[in-house]
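Below is one structure; the comments refer to it alone.
The values are calculated or read from the model by the stated rules, or taken from the named source; none is laboratory data. None of the values given here were measured: they were computed from a predicted structure. Cβ placement follows ideal geometry from the backbone for every residue including glycine, while neighbour counts extend to all protein chains displayed. Protein only, heavy atoms only, side chains kept; ligands, DNA and RNA dropped before computing areas. Shrake-Rupley method; radii C 1.70, N 1.55, O 1.52, S 1.80 Å.
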Amino acid sequence: MRKKEMMAMLLAGGQGSRLGILTMDKAKPAVAFGGKYRIIDFPMSNCVNSGVDTVGVLTQYQPLTLNKHIGIGMPWDLDTKYGGVSVLAPRQTEGEKGSWYSGTANAIYQNIDYIDAQNPEYVLILSGDHIYKMDYAAMLDFHKKNSCDVTIAVLEVTMEEASRFGIMNADENDKIYEFEEKPEHPRSNLASMGIYIFTWKELRKALLEDNKVHPDSDFGKHIIPKMLEEGKTLFAYRFKDYWKDVGTIESYWAANMELIRTLPEFNLYEDFWKIYTNSDNQPPQYTGPNASVKTCIVSEGAQIYGNIEHSVISKNVVIEEGAYVKDSIIMEGCHIKKGAVLNRVIVDQDAVIGENVNIGEGENIPNERKPKIYNTGITVIGSATTVPDDLKIGKNCVIYGHTTIEDYENGALKDGGSIVKEEVAL
């Protein structure tokens, strides 16, 4: 088989538990972003813009939404006969028991046969849950120029943040001589982005050897330290543009809000590096005669009759006359009825907010059930949730399911309160 220069393996099976009920029924890479996109669209688009035409997407947690979104890869021009996109779920092979992916490197190990079938010289390992634009071809040129076995994309973080990342210690030429996974006392601020280029023959050997020792094999904990110890050539590839881990409710909300700026730091409108997505043809957006729209992103098919300000509105959203939405994210198919007022609210897809409901006013009291997740004043309404008319709902609240007026004490939900009508992971 003809050797392929580089292919990508995109790790997209994570739950993203810090996003609370936004990932209740879908993996983090499938969460909506910026009105019309999903988080996975960014690394997928980076691949096609970088000339990487073979992508394996590794799924595990709640994969249905992600599988439907990716399809055969047509939006990213990856519906090709040779290469293209393949969705790779955990599977059983002959003579072995099936098992879940138990670590980042273990997930790649379980797909060695798929990679061998592509016959690549280099393998690009990506995470499916970050927002950024990056030319992987330039990173590959760096890898080849320095005759690397491994190249790790890094960015400089503050020393206060460094303990949250895998940290490189490198010489003046960026050759890595030490790697520390989430060190308590970091000696450098060069943080791993979870983006690696491996020379395949070296990675393949390392995966086979490490699997004998670590069934939960992980790149940061096992593979990279082992290759460094064996004297392999590892370099840090410095990335200095926009990169955002939208792993918390606050960071997810803030990253969406940043898109609304007149000159956003992260520009979705560049022709030379487009972000592609699986988006059905929708009717045009409609703004009613009495509507007011101030500094918002409004997607196709949305019908705006009320007032919206500094918000991200997805496709097929209806906001009735007299409603007021500010500093909020309203996802696909939601219906905000007349007189409703929303301030710093995330509403997941297909939810209905009743008439004269007031959400987001009150004190910043952390959520009573999940204070580490909901603690920055943002209230989250789950997918397909119904909120009845004439209610007052405070900050850091969580609501999920078809709720009725009887679920709310005295017609209100206090700051930090939760109403969950089904057993779900908050």
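Couple of notes before you dig in:
- Among (1) of a type in the set (A, V, I, L, M, F, W, C); (2) open to solvent by less than 10 Å² (accessible area, probe 1.4 Å); (3) not in a helix (DSSP H, G or I), the one test that LEU155 misses: (2)
- Looking only at the range 346-397, and only at residues there that are of a type in the set (Ser, Thr, Tyr) and open to solvent by less than 30 Å² (accessible area, probe 1.4 Å), the one that is nearest to GLU332 (Cα to Cα): SER383
- Residue within the range 158-166 that is open to solvent by less than 50 Å² (accessible area, probe 1.4 Å), in contact with a helix residue (DSSP H, G or I) (Cβ under 9 Å, 6 or more places away or on another chain) and over 17 Å from LEU234 (Cβ atoms) present: no
- Scanning the range 346-404 for residues that are more than 19 Å from HIS310 (Cα to Cα), among the hydrophobic types (A, V, I, L, M, F, W, C), part of a loop (DSSP other than H, G, I, E, B) and touching a residue at least 60 places away in the same chain (Cβ under 8 Å) yields a count of 1.
- Residue, nearest to ILE40 (Cα to Cα), within the range 281-300, restricted to residues that are touching a residue at least 24 places away in the same chain (Cβ under 8 Å) and part of a loop (DSSP other than H, G, I, E, B): SER299
- The range 323-345, residues that are assigned to a strand (DSSP E or B), open to solvent by less than 10 Å² (accessible area, probe 1.4 Å) and within 18 Å of ALA291 (Cβ to Cβ): VAL325, ILE330, ILE336, LEU342
- Reported count of residues in the range 318-332, each being within 20 Å of ARG38 (Cα to Cα) and aliphatic (A, V, I, L, M), is 3.
- The single condition among (1) open to solvent by 10 Å² or more (accessible area, probe 1.4 Å); (2) assigned to a loop (DSSP other than H, G, I, E, B); (3) of a type outside the set (S, T, N, Q) that LEU78 does not satisfy is (1).
- Scope the range 278-296; condition at pLDDT 95 or above, within 14 Å of GLY35 (Cβ to Cβ) and either touching an Asp or Glu at 6+ places or on another chain (Cβ under 6 Å) or open to solvent by less than 40 Å² (accessible area, probe 1.4 Å) (or both); matching residues: CYS296
- Subset of the range 186-243 [within 27 Å of the chain's Cα centre (by Cα), in a helix (DSSP H, G or I) and small (Gly, Ala, Ser)]: GLY220
- Candidates LEU190, LEU155, LEU140, LEU126, filtered to the one that is under 30 Å from TYR37 (Cβ atoms) and touching a Pro at 6+ places or on another chain (Cβ under 8 Å): LEU126
- Checked against the criterion of being in a loop (DSSP other than H, G, I, E, B), hydroxyl-bearing (Ser, Thr, Tyr), at pLDDT 95 or above and open to solvent by 40 Å² or more (accessible area, probe 1.4 Å), the range 301-322 contains one or more residues that satisfy it.
- Selection status of PRO43, under 19 Å from SER383 (Cα atoms), of a type outside the set (Gly, Ala, Ser) and in contact (Cβ under 8 Å) with a residue 40 or more places away in the chain: no
- Every pair of residues 6+ apart whose Cβ atoms lie under 8 Å, when the first sits in the range 108-123 and is more than 15 Å from ALA206 (Cα to Cα) and assigned to a loop (DSSP other than H, G, I, E, B) while the second is open to solvent by 40 Å² or more (accessible area, probe 1.4 Å) and of a type in the set (A, V, I, L, M, F, W, C): ASN119/MET1
- Residues in the range 46-65 that are without any contact (Cβ under 8 Å) to a residue 60 or more places away in the chain, surrounded by fewer than 22 Cβ atoms within 10 Å (Cβ to Cβ), on the phi < 0 side of the Ramachandran plot and of a type in the set (S, T, N, Q): GLN60, THR65.
- Test for LYS144: is it in a helix (DSSP H, G or I), closer than 26 Å to GLY231 by Cβ and either among the acidic types (Asp, Glu) or open to solvent by 10 Å² or more (accessible area, probe 1.4 Å) (or both): yes
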